[in-house]
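J.: Quick one: structure below, then a few questions.
The values are calculated or read from the model by the stated rules, or taken from the named source; none is laboratory data. These numbers were taken from a predicted model, which means no experiment stands behind them. Note: areas computed on protein heavy atoms with side chains; ligands, DNA, RNA excluded. Shrake-Rupley method; radii C 1.70, N 1.55, O 1.52, S 1.80 Å.
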Amino acid sequence: MLRTRFLSVTAASLLVWLGSAAPAVSEPPAATVTVTSPAADSVHPVDSSLFVGWRNDTGQEVDVWLAQDDGAGGSHRLFKLASKASSKPTSELVTAVPAVPDGTDYTVEVTTRDTGVRGYSAPFAVGPVPAAGPGTGTGSGSGSGGAPRTSPSWVQAQDGHSPR
């Protein structure tokens with residue numbers, strides 16, 4: 001009987017010692033969804049293409065929503081842009097900007113279907129693209145830096161040839 005008690009105490013001591021020496025099992029890092037595009041402060045007209053990119057380490061399919069700032073530090077969903085989108089670690093899609101009022105407080109929300117892990121894009125605007133200012137080279141009749149665009153006839157005349 002004494003022998004049984006001694007073994008029990010020894011075995012219990014050994015288990016406690018082994019348990020404390022075993023490496024701690026760490027929890028896996030929290031799964032995340034990170035929206036990488038559209039870019040912050042970009043402007044997207046209604047019915048134009050909107051490129052949405054995200055990183056997803058959950059392994060789950062996602063839904064993609066157009067959301068708007070609710071003015072109280074949160075957002076509310078306006079339109080589902082995609083359903084059951086890719087579960088790959090890095091994904092993107094192209095969708096059309098729905099008919100919504102012009103504004104600067106829109107975001108894209110990408111959320112997993114099963115666990116609700118979500119990520120938001122940086123705020124962007126919906127509305128007309130701002131007109132290019134002087135010197136941008138986007139208007140007709142100007143080249144880079146706002147300089148007059150050269151026409152083929154002007155180049156020929158400079159070479160000593162008649163434009164006609």
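J.: Of all residues in segment 50-59, which are modelled with pLDDT of 95 or more and farther than 12 Å from S91 by Cα?
T.: L50
J.: Of all residues in segment 28-48, count the ones that are within 17 Å of S83 (Cα to Cα) and open to solvent by 60 Å² or more (accessible area, probe 1.4 Å).
T.: Of the residues in segment 28-48, 0 are within 17 Å of S83 (Cα to Cα) and open to solvent by 60 Å² or more (accessible area, probe 1.4 Å).
J.: Restricting to segment 44-65, count the residues that are of a type in the set (D, E, K, R) and on the phi > 0 side of the Ramachandran plot.
T.: 1
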